[in-house]
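Below is one structure, written out as structure tokens, with a few remarks after it.
The values are calculated or read from the model by the stated rules, or taken from the named source; none is laboratory data. Please read all numbers here as calculations on a predicted model, not as lab measurements. So basically every Cβ, Gly included, is an ideal-geometry build from the backbone, and we count neighbours across all protein chains shown. Please note that ligands, DNA and RNA were not included when accessible areas were found on the heavy atoms of the full protein model with its side chains. Shrake-Rupley method; radii C 1.70, N 1.55, O 1.52, S 1.80 Å.
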Amino acid sequence: MSIELPPGIFQRALEKKKKDFPRLSVRWMARKLNVSHVYLSYILKGTRPVPFDMVEDLCEILDIDDESRSEIYVNTFKIHGYNPGAKSSVVRVHGWNLVSLKDFDVISRWEPMAILLVTRLNGYDGSLDFISSRLKLPRFFIQSVLDILHKKGFVIEVGGILKASEKYFEFQSKSSKQSVRKYHRSVVNYARNLMDHAVDERSLERRHIVSGAFTCSKENALRLKIKINDFLKECIEEGATTSPDDVYQLAVQFFPVTTEPRQKDAPGSLAQR
């Protein structure tokens with residue numbers, strides 16, 4: 001049985017909804033999704049792939065049924081490179097599993113890592129419903145991710161239940177790889193979306209938001225980066241010493257807001273006019 005491509009599903013759903021809402025437009029949808037109408041037009045036509053973090057919202061706006069959503073997720077997986085491929089290359093380093101960059105695509109967004117960690121929570125019974133209720137992700141999406149994580153060795157079967165194979169995974173992100181950038185971008189975008197919708201008192205209490213700006217030399221900046229990395233590892237290891245109830249995300253961005261000063265002309269030099 002052939003699977004319909006997302007553009008065909010989107011266009012068909014848009015035409016159907018326009019019959020009930022004639023004034024529905026791509027511009028209005030783009031505003032709801034917080035993207036440009038040009039970008040959304042590309043997605044609807046199939047010129048650009050639909051981002052994972054837009055699939056569910058777009059399906060909600062267009063009232064797309066569960067079966068069609070599943071087809072969209074299947075193709076979105078393929079387009080974004082969620083391909084099990086070869087077996088992972090994992091090296092054990094000081095209690096952490098060092099995973100090669102070529103395998104980073106498996107966890108190149110926040111969802112797979114979160115799904116992996118939910119398998120360690122108290123009460124996890126191996127069911128898709130448990131993971132779906134904790135992460136608010138579609139069951140079909142979760143099943144697809146688990147299949148890939150299983151084939152790659154990130155989760156293993158224990159007593160008939162898929163669970164994370166190791167406590168700690170580390171991905172080297174020093175190289176400027178597309179999958180690394182994609183992961184960090186997805187984490188930041190997810191945090192931003194949560195903050196935008198965290199309006200009730202309980203949700204705000206579950207978040208800790210702090211930021212600061214300060215002056216620093218280039219030499220000290222390098223030392224601080226190492227400290228930040230060490231602190232993140234300490235948080236992960238300390239969290240693992242207790243019985244887990246929730247999955248937390250810690251994202252730190254440390255970057256200069258000033259630009260490099262322009263080089264002044266050396267004394268006695270001739271400036272080109």
Can you pull out the residues in segment 110-138 that are in a loop (DSSP other than H, G, I, E, B), more than 22 Å from Glu170 (Cα to Cα) and either in contact with an Asp or Glu (Cβ under 6 Å, 6 or more places away or on another chain) or open to solvent by less than 30 Å² (accessible area, probe 1.4 Å) (or both)?
-> Asn122, Tyr124, Leu137
Quickly run through segment 139-154 and pick out the residues that are assigned to a loop (DSSP other than H, G, I, E, B) and of a type in the set (Gly, Ala, Ser).
-> Gly153
Quick one: count up the residues across segment 126-174 that are in contact with a strand residue (DSSP E or B) (Cβ under 7 Å, 6 or more places away or on another chain) and either charged (D, E, K, R) or free of Cβ contacts under 8 Å to residues at least 40 places away in the same chain (or both).
-> 9
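If we keep just the residues of segment 196-225 that are assigned to a helix (DSSP H, G or I) and modelled with pLDDT of 85 or more, which is least open to solvent (accessible area, probe 1.4 Å)?
So, considering only residues that are assigned to a helix (DSSP H, G or I) and modelled with pLDDT of 85 or more, the one least open to solvent (accessible area, probe 1.4 Å) is Ala221.
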Report those helices (runs of 4 or more DSSP H) wholly inside segment 9-102 carrying at least 1 residues which are modelled with pLDDT of 80 or more, open to solvent by 50 Å² or more (accessible area, probe 1.4 Å) and over 29 Å from Glu170 (Cα atoms).
-> 26-33, 37-45, 52-61
Report, ordered by the first and then the second residue, all pairs with beta carbons closer than 7 Å, sequence separation of six or more or different chains, a first member in segment 23-47 that is within 15 Å of Ile61 (Cα to Cα) and free of Cβ contacts under 8 Å to residues at least 12 places away in the same chain, and a second member that is assigned to a loop (DSSP other than H, G, I, E, B) and among the small types (Gly, Ala, Ser).
-> Ala30/Ser36
